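Structure first, then comments.
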Amino acid sequence: GQQLNQSPQSMFIQEGEDVSMNCTSSSIFNTWLWYKQDPGEGPVLLIALYKAGELTSNGRLTAQFGITRKDSFLNISASIPSDVGIYFCAGQNGGSQGNLIFGKGTKLSVKP
Amino acid sequence: NAGVTQTPKFRILKIGQSMTLQCTQDMNHNYMYWYRQDPGMGLKLIYYSVGAGITDKGEVPNGYNVSRSTTEDFPLRLELAAPSQTSVYFCASRRQDYTFGSGTRLTVV
């Protein structure tokens, strides 16, 4: 089946630093999504990208849908302690199901 | 709106026991999904439903069953629990964007 390669697996950074993570796939997707998961909770949508080449921001978060439709990145600027969590990319194809394929996640730890 | 509600939050099962994980949503979404999340992994799709009365298998359906008799409810059934089913289970629903429940942590011993 389709697989997503998400990197890095984990990051340990200083508060105030910028963060970058990315996802690649061997097959194309129509939509790329980025989620954050806090401990004991389900994933929460951060950014959705619907068009190849699209660059979208949500506060300190910026994400891009790769032009080949096989990759996406997420940047977090000026990280703060509440950014701690696991970030997942997910690819979605069209069709009635709209099922998501998830990456394995990037665990972000922030040192105050 | 409560969103997507999952019960129970935690459960320990013995090998061979059965149980039903409950999921209900109050957003009138047609699409509903069950995912499992193993440690250090992303979520994998078990079953999904595109509307009441319609269900289909996802990537990892073996050992599970689902039903969708109403728009609101999408229970997941484990008939003969096995240690490999130890995981965190997430239910989700969507119109366009997904809304996830807070999960059920299941341990099979």
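The values are calculated or read from the model by the stated rules, or taken from the named source; none is laboratory data. Treat the numbers as computed from the prediction; the structure is a model and nothing was measured. With ideal geometry, Cβ positions are generated from the backbone for all residues, glycine too; neighbour counts draw on all protein chains shown.
Could you list, in sequence order, all residues of segment A:28-65 that are more than 23 Å from B:Ser93 (Cβ to Cβ), touching a residue at least 12 places away in the same chain (Cβ under 8 Å) and assigned to a loop (DSSP other than H, G, I, E, B)? Before you say what the answer is, go through the steps one by one.
At the first step, the residues of segment A:28-65 found to be more than 23 Å from B:Ser93 (Cβ to Cβ) are A:28, A:51-57, A:59-65.
Adding the requirement that they be touching a residue at least 12 places away in the same chain (Cβ under 8 Å) leaves A:28, A:51-53, A:60-65.
Residues satisfying the conditions are A:Ile28, A:Lys51, A:Ala52, A:Gly53, A:Arg60.
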Tell me yes or no: at least one residue of segment B:66-83 is in contact with a helix residue (DSSP H, G or I) (Cβ under 8 Å, 6 or more places away or on another chain) and either small (Gly, Ala, Ser) or within 8 Å of chain A (Cβ to nearest Cβ) (or both).
no
Hey, does segment B:44-55 have a residue that's touching an Asp or Glu at 6+ places or on another chain (Cβ under 9 Å), in contact (Cβ under 8 Å) with a residue 24 or more places away in the chain, assigned to a strand (DSSP E or B) and within 30 Å of A:Ser7 (Cβ to Cβ)?
yes
Among the residues of segment A:61-81, is any among the basic types (Lys, Arg) and either within 10 Å of another protein chain (Cβ to nearest Cβ) or touching a helix residue (DSSP H, G or I) at 6+ places or on another chain (Cβ under 9 Å) (or both)?
no
Selected residue (criterion: modelled with the highest pLDDT) from residues of segment A:80-112 that are polar (S, T, N, Q) and touching a Leu at 6+ places or on another chain (Cβ under 8 Å):
A:Gln92
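Restricting to segment A:6-22, name every residue that is within 11 Å of chain B (Cβ to nearest Cβ) and either closer than 21 Å to A:Ile67 by Cβ or in a loop (DSSP other than H, G, I, E, B) (or both).
Within segment A:6-22, A:Gln6, A:Gln9 meet the criteria.
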Considering only segment A:20-32, how many residues are in contact with a strand residue (DSSP E or B) (Cβ under 7 Å, 6 or more places away or on another chain) and farther than 19 Å from A:Pro8 by Cβ?
3
